[in-house]
Amino acid sequence: MRGKFITFEGCEGSGKSTQIRLLSEKLTAAGVDFIVTREPGGSDVAEQIRKIILDGKNVSMCDECEALLYAAARIQHLKEIVEPALAAGKLVVCDRYVDSSLAYQGAARGLGEKYISDINSVALNSYPPDLTVFLNISPEKAFERKHGADKSDRMEQQGLEFHNKVYAGYLALVDKYPRICAVECGGTKYETAERIFSLLKDKGVI
Ligand code: TYD
């Protein structure tokens, strides 16, 4: 049987990496066959594209180029990593996916949903996630928690106004797509992890 595809989304510092690590521990303990991967990157070619996108020195990159590079890294990663794992029946857990493009490039950069959907049509039509976990924490709170932004990262260099637009973009996506479930991050990281694991069970992903 084909595997399931779940993605994690959230603003900078929302705790995705921590939650994916805690989920991995629970999945291993439960004997689930899974892989963890990430965007942009996750494969050799896509990691090279990632370096170009996130390089803080590439200040002249235009918004369309940025969106197309994310889409290019995505399709490479889908074909090289995600598709074979799903075909082998594995659960694929991916750190960021097309909703990041809709929130960052579509909403915050202002390219709009249609442009982003068009350049990501293969991802949206052929590889829709079975479930997307959105870690719901505002950029203010998230930056506070991680003690400020990483200034060498081109996306983190963007100011709070930009990240607030990303957050608003995500909230609109949560309203629009039932596959995206917002998880509140108020308590401890272990409480959040427990909530996520229960969600996966409730949704029949594991
Ligand atoms: P990363 O260091 O992986 O950030 P995080 O740990 O917050 O996930 O860098 C990924 C950056 O790329 C992050 O700022 C979000 C951004 N991004 C987009 O703008 N569009 C996209 O489609 C994707 C996948 C990521």
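The values are calculated or read from the model by the stated rules, or taken from the named source; none is laboratory data. All values derive from a computational prediction rather than experimental measurement. Here the Cβ is made from the backbone with ideal geometry for all residues, glycine too, and neighbour counts use every protein chain on show.
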Top-ranked residue in region 145-165 [being among the basic types (Lys, Arg) and at pLDDT below 90; ranked as farthest from Ile52 (Cα to Cα)]: Arg145
Residues within region 13-43 that are more than 19 Å from Val98 (Cα to Cα), of a type outside the set (A, V, I, L, M, F, W, C) and assigned to a loop (DSSP other than H, G, I, E, B), tallied: 2
Criterion (surrounded by fewer than 19 Cβ atoms within 10 Å (Cβ to Cβ) and in a helix (DSSP H, G or I)) met by exactly one of Ala72, Ala46, Ala67, Ala103: Ala72
Ala142 vs. criteria within 13 Å of the ligand (Cβ to nearest atom), assigned to a helix (DSSP H, G or I) and at pLDDT below 95: yes
Pair list, Cβ under 6 Å, 6 or more apart: region 47-75 residue farther than 16 Å from Tyr97 by Cβ and near the ligand (Cβ under 10 Å from one of its atoms), other residue among the hydrophobic types (A, V, I, L, M, F, W, C) and assigned to a helix (DSSP H, G or I): none
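A quick yes/no check of all residues on (1) of a type in the set (A, V, I, L, M, F, W, C); (2) within 27 Å of Pro178 (Cα to Cα):
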| residue | (1), (2) |
| --- | --- |
| Thr28 | no, no |
| Thr37 | no, yes |
| Pro40 | no, yes |
| Glu64 | no, no |
| Leu86 | yes, yes |
| Lys90 | no, yes |
| Asp118 | no, yes |
| Ser138 | no, yes |
Pairs where the first residue, in region 100-111, is on the phi < 0 side of the Ramachandran plot and at pLDDT 95 or above and the second is crowded, with 24+ Cβ neighbours inside 10 Å and among the basic types (Lys, Arg), C-beta under 7 Å, 6+ apart: none
Boolean, Tyr170 is assigned to a helix (DSSP H, G or I), closer than 24 Å to Gly41 by Cα and touching a residue at least 12 places away in the same chain (Cβ under 8 Å): yes
Residue check, Gly89 without any contact (Cβ under 8 Å) to a residue 12 or more places away in the chain and more than 11 Å from the ligand (Cβ to nearest atom): no
